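Student: The structure's right below; bear with me while I get my questions together.
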Amino acid sequence: MKNKYLIFGFGIFLSSAIYAQQEIKAEVTHVQGVFLGITKPISEFTGPEGEAKEHKEGNVKESRKRPEAINPNALPFGEDPILQETFGTKASKAPYVNFNGLNGGLPPDPSGAVGPNHYVQAVNTSYRVYSKTGSPMSAGLPLSSLWPSSSNDGDPIVMYDRHADRWVITQFQISGNQILFAVSTTPDPLGTYATYSYSLTSFPDYPKYSIWSDGYYMTANSGNQNAIVFDRTAMLAGATSASYIALNTPGFTTQYGFKSVLPADADGDLPPYGTPNYMFYFQDDAWSPSVTSDVIKILKFQVDWTNPGASSITLHQTLYPSAFNAVFTNSWNDIEQKGSTQKIDAIASIFNYRAQYIRWGSYNTVMLCNVVDVNNNNKGGIRWYELRQDDATNQFSIYQEGTFAPDADSRFLGSIAMDLNGNIGMAYSISGPDSYPSLGYTGRHFFDPLGQMTVQEFRAVEGTGFQSNYNRYGDYSQLTLDPNGDVFWYTGEYILNGGSRRTRIFSFDMISQVSTPQYSLDNIDLVAFQNGEILNIKMEGIQFTNEMHVTLMEMSGKTVRAIDAKINDEKLSLAWDISSLAKGTYIISVGGNSFQRTQKIVIQ
């Protein structure tokens, strides 16, 4: 089926003290996908691994026009105003695991996600399942093995849907402007997958995804259908009728380069069903005299599966960060490499994947980062933000921001996330006069001074060579949060001797670096179990708050019950009558501001 609707909406955007109203006109398309069937178990697949070819992605440099600095009055005039020029002083620790991933295409564009027992990585031609110790659990398999008659066209993204305990692998297909989905039918990533193809009206370059209660959201660097929500509920059920709802982002989102915005991706517990998905992008005042200051803009995608024509995208809010410079060169020759005159692309003008979204007691957080030129001389640093959304008003504010560039080398292609204790981890590429392309990470604790990465940088892997005669590097990396809520897992690209491209997978945390007892949160576990018609919820060792918000949700994110519970003698203990609840799988979330734990439970 294919239905089109013409809708009108009115969005309100907020600055510090300015409110305005803007009419938005958008066409809504509702299209049923093609169910391709259930695969055999991945454990039964054999190679060969996808070939290491140059990645074909629809002439990306034509679809991603390079933004230029054309406004002479753009700020900042000199150095980045919130530049952190020194390393953090807190001792860092080596990764828990640190191993080579797949080689893949040129560039590899690595993506990966972590589950309770596995890590799944994909690059531009291949995917593989690993144990959490780094041991391969499957062959390195071509992406095309998941979808009959497909090619290894690439731009894959891997997600672990912690709320449903399922795995999602995607890629685009140039022929037919398709997006391909594979959703595991069980929690085992080595098992079978339900597979789908979705045809779009224009090529979905640079697709980026998120998990939300009412769908899997996707944005793309394309002229049409660049904001899409796929029917998560149907795909999780393996239904043959899974469809999508697509809109175009409003015309005022033009970014003078990428047309891709970044959708909020829910960690922790899901937002209540029907909560709009928020999408983020920025504009640099250097790009146009009509952009009078550097801004972060937030869109609101409200989907209506019952009446798709009522779905809408509106401008929710405008935020005003400290001035930044997101313009490098006009030729993608941006970042210096040790030992070479060849520069590599910084991937400027967009927020890097992911926009992690976490719900807390009275607010929600979104973590964002992007590369900026910190000295107007093509030295890359990572501008990062913690946004907070007031749970009562739904309005966002910039809680903290910083720009990390602690030495002569550049940091770029970052990915940032918060753990379920409120600590932040950030991993990224490093390259410059003193470094071959390498990978490192840093972080901060929730009680540290705002705007500072306080943990010493750790080089997870040192590059030993440079990339020559080619400025395309990686288009993205990916940092995900372990379901345990404490450990970050990252995958990115680095360079070996002779320009050999490699990917790395490593994990680290911020908890093990804190020895002060009141901040030792890793030993606080949520225990929930059914005893007849009673659901028992227990937690001990809570020293930092007197109250916890406790929520029982369906897997879709719909709230079944929610209360604010008092802490007695550092303990939480509840007994809920569940005799009226339908049998099935539910999620329990217990938390407050800057702390939460979630657990899946099957009520029988």
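Values in this text are rule-based calculations from the coordinates and carry no lab data. Computed from a predicted model, the values in this text were never measured in an experiment. Neighbour counts run over all protein chains shown; Cβ positions are idealised from the backbone, glycine included.
Student: If amide hydrogens are placed 1.01 Å from N in the peptide plane, which non-local residues have theirs closer than 5 Å to the one on SER151?
Tutor: It is none; the list stays empty.
Student: If you don't mind, there's one more thing I want to ask. Neighbour counts of other C-beta atoms within 10 Å: give me THR306, THR133, THR365, THR442 arranged from fewest to most. Can you show the working numbers first?
Tutor: Working: THR306 6, THR133 9, THR365 22, THR442 27.
Listing THR306, THR133, THR365, THR442 from fewest to most nearby Cβ atoms yields THR306, THR133, THR365, THR442.
Student: Near the amide H of ARG561, under 5 Å away, which other amide H atoms are found, from residues 5 or more places off or on another chain, if H is placed in the peptide plane?
Tutor: LEU552
Student: Same structure, new question: Given Cα pairs under 8 Å that are at least 6 residues apart, what percent is the relative contact order of segment 523-603? Please report the intermediate quantities before stating the final value.
Tutor: Working: 162 pairs, mean separation 26.6, N = 81.
In percent, rounded to a whole number, it is 33.
Student: Right, here's the next one. Say a paramagnetic label sat at a point 7 Å from the Cα of SER175, along Cα to Cβ; which residues of segment 104-129 have their backbone N under 12 Å from it?
Tutor: none
Student: Same structure again: Where does each of TRP305, TRP287 land when they are ranked from fewest to most other beta-carbon atoms within 10 angstrom?
Tutor: On the way: TRP305 17, TRP287 22.
Ascending number of Cβ neighbours within 10 Å: TRP305, TRP287.
Student: Okay, next question. Per-residue HN-Hα couplings for segment 67-74, Karplus 6.51 cos²θ - 1.76 cosθ + 1.60 at θ = phi - 60°, whole Hz, x for Gly and Pro?
Tutor: Per residue, the Karplus-derived 3J(HN,Hα) values read x, 10, 7, 10, 9, x, 9, 5 Hz.
Student: Something else now. Report D for segment 523-603 in µm² per second (integer): Stokes-Einstein, Kirkwood Rh on Cα pairs, 10 °C, 1.306 mPa s. Write down the numbers at each step before the final one.
Tutor: Values: Rh = 12.9 Å.
The calculation lands on 123 µm²/s.
Student: For log10 I(q)/I(0) by the Debye sum over Cα atoms at q = 0.07, 0.12 Å⁻¹, which listed value, [x] -0.50, -1.30; [y] -0.63, -1.28; [z] -0.39, -1.27, comes from the coordinates shown?
Tutor: [z]
Student: So what are the ³J(HN,Hα) numbers for segment 171-177, from phi and the Karplus equation (6.51, -1.76, 1.60; θ = phi - 60°), rounded to whole Hz, Gly and Pro as x?
Tutor: Values per residue, Gly and Pro as x: 7, 9, 10, 4, 5, x, 6 Hz.
Student: Search the structure for amide H atoms under 5 Å from the amide H of ALA266, placed 1.01 Å from N in the peptide plane, and list their residues when 5 or more places away or on another chain.
Tutor: ILE211, TYR357
Student: Cα-based count: Lys pairs in segment 523-603 below 17 Å, eight or more positions apart or different chains? Kindly include the intermediate steps, with their values, before the conclusion.
Tutor: Working: LYS538/LYS566; LYS538/LYS571; LYS538/LYS600; LYS558/LYS583; LYS558/LYS600; LYS583/LYS600.
Going through segment 523-603 pair by pair, I get 6.
Student: Return the calculated 222 nm mean residue ellipticity for the chain, to the nearest 500 deg cm²/dmol, obtained by summing -39500 (n - 2.57) across DSSP H runs with n ≥ 4 and dividing by the residue count.
Tutor: Numbers: 2 runs with 9 residues, N = 604.
So the helix-based figure for the chain works out to -500 deg cm²/dmol.
Student: Using the Cα gyration tensor of segment 408-464, with a ≥ b ≥ c the square roots of its eigenvalues, what is the shape: rounded (a/c below 1.5), prolate (a/b larger than b/c) or oblate (neither)?
Tutor: Details: a/c = 2.73, a/b = 2.15, b/c = 1.27.
Here segment 408-464 falls in the prolate category.
Student: Follow-up. Would you kindly derive the ³J(HN,Hα) couplings of segment 528-542 from the backbone phi angles with the Karplus curve 6.51 cos²θ - 1.76 cosθ + 1.60 (θ = phi - 60°), listing them in order in whole Hz, with x for Gly and Pro?
Tutor: 10, 8, 9, 10, x, 9, 10, 9, 9, 10, 9, 8, 10, x, 8
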